[in-house]
Each structure stands twice: as C-alpha cells, then as structure tokens.
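Structure, as structure tokens:
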Amino acid sequence: MSGWRRLYELITSVTSYSEGDQGPSKLMKLIVGLGNPGKRYEKTRHNVGFEVLNIVAGRFADEAAKDKFDGRAVAATIAGQRALLLWPHTLMNRSGQSVQAAVNFYQLPLDELLVVCDDFNLTTGTLRFRSRGSAGGQRGLQDIARRLGSEEFSRLRIGIGPVPDAWDAADFVLGRFGADERSVIEAAIGQAADGVECWVAEGVEAAMNKFN
C-alpha cells in the first residue's frame, strides 16, 4: 500500500469517527420505537414504543441523542453489540420514512431490525414478539412494511387494549392510560426493555420463548 493511500485511509477513518457515524459495516442492530413526537402525545397509549426506547437508552446509550433519519437517534452497545436506537419523528402513520432512511444508509439486513410498538388488539400489558407478520392494524408498522417492501422483520408489540365499545380506535390510542392501568403498563414497558436486550443477545426465538 502506498504512503498516500495509507494517509488517506487514516484521515477518512478519523473523520468518520469524529462525526459519530458508525457506517454500514459497524452497525449490527437497528431498534425502532414507534410513537408521535411532542408533549401533547407524551404518555399516550400510542407512545409506548418511545417509552421502551427511553429505558433502553438509559441503560445502554453510548452518547447523546442526535437528530437523524427524520427522527432522534442514539448509538448504544447492548450485550456487547453495536446498535442504533431510533425514535421516528414523522408521526406514527409515516414511521416508515424514518426507518427506511436508516435501513438504506446502513445497508441493513431486515433480520437485524426490531420495531417496538403498541397494539390495541392485545390486553394492556401483554407482550408479543414476532419474527415477521402483518401489521394487524398498527399504522406505523404498516407504513414500515410498505416502504421496506417486506414484513420479514422482528417486532415487539405491547398491549394497550382492548378498545372499549364506545370508543373510536383512533381516539383511544391517542388517549392516556387510566390510573388503574398505569402501573400495569409501566411494568410491561420495563419488561419490554428487558426483551429488547434479550433480542439483541439471544435472537428473536429466545425473546419469543421468554416474553410472549
């Protein structure tokens, strides 16, 4: 290798490191929490994915979060593996815009992607890992699958239901948990964060066996 070529590689590697960009060959996992940005949506049923990622970031983040991929992103090390945590800020129904940008940038195989989201078809506090499958009415998950052109990625659903008979589902998911539900969902959010760690360390099959 010529001296100039070696110098060029050293300069570019230092530049990349200083910018905090891990690059396609460095990122191993992408973990996405779904929700809506802004104070008006904090602690709503639709934002449990954000809450799970907040706990995961508190445990494993390597640096401060940055605005990236139409969302908030932070690098983390989980079970010895590199990961990117991503909170899309595109609003729920366009979550795929953010996820697609990250997947494309890192040239990420879809089996390295985990999406954490709410599910009003599951009883509040229930956890359900799946390695693939339909969106089941979850609009953020639906948009991600549409933009990626595949449903072959892991997802962790957190139950927030059932929707009461007198409620419209859209209004229900944007509402907040009642006092009697909050302790249940807080426990589930903590367990879901444990599940994310298990998914990284042991894979989706192990996570399904332990947390479903």
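The values are calculated or read from the model by the stated rules, or taken from the named source; none is laboratory data. What you are looking at is a predicted structure, and each value in this text was computed from that prediction instead of being measured. Cβ sites come from the backbone with ideal geometry, for glycine too, and all protein chains shown count toward neighbours.
Summary table
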read-out	value
Residue count, the stretch 57-71 (criterion: under 22 Å from residue 97 (Cβ atoms) and out of contact with any Pro (no Cβ under 9 Å at 6 or more places or on another chain))	5
Positions within the stretch 47-71 being out of contact with any helix residue (DSSP H, G or I) (no Cβ under 9 Å at 6 or more places or on another chain) and of a type in the set (Gly, Ala, Ser), in sequence order	57, 61, 64
Selection count where residues are under 16 Å from residue 36 (Cα atoms) and touching a Leu at 6+ places or on another chain (Cβ under 6 Å), scope the stretch 159-186	0
The stretch 109-131 residues that are on the phi > 0 side of the Ramachandran plot, paired with ones that are surrounded by fewer than 23 Cβ atoms within 10 Å (Cβ to Cβ) and part of a strand (DSSP E or B) (beta carbon under 9 Å, 6 or more apart)	125/159
Selection count where residues are more than 14 Å from residue 119 (Cα to Cα) and either at pLDDT below 95 or in contact with a helix residue (DSSP H, G or I) (Cβ under 6 Å, 6 or more places away or on another chain) (or both), scope the stretch 129-145	3
Filtered residue count, the stretch 153-186, keeping only those that are aliphatic (A, V, I, L, M), closer than 30 Å to residue 203 by Cα and touching a Phe, Trp or Tyr at 6+ places or on another chain (Cβ under 7 Å)	4
Inter-residue pairs, beta-carbon under 8 Å, first within 20 Å of residue 103 (Cβ to Cβ) and in the stretch 150-177, second among the charged types (D, E, K, R) and surrounded by fewer than 16 Cβ atoms within 10 Å (Cβ to Cβ), 6+ apart	151/132; 152/111; 152/132; 153/111; 153/132; 154/111; 154/132
Any hit, the stretch 36-49, residues being modelled with pLDDT of 55 or more, within 22 Å of residue 203 (Cβ to Cβ) and not hydroxyl-bearing (Ser, Thr, Tyr)	yes
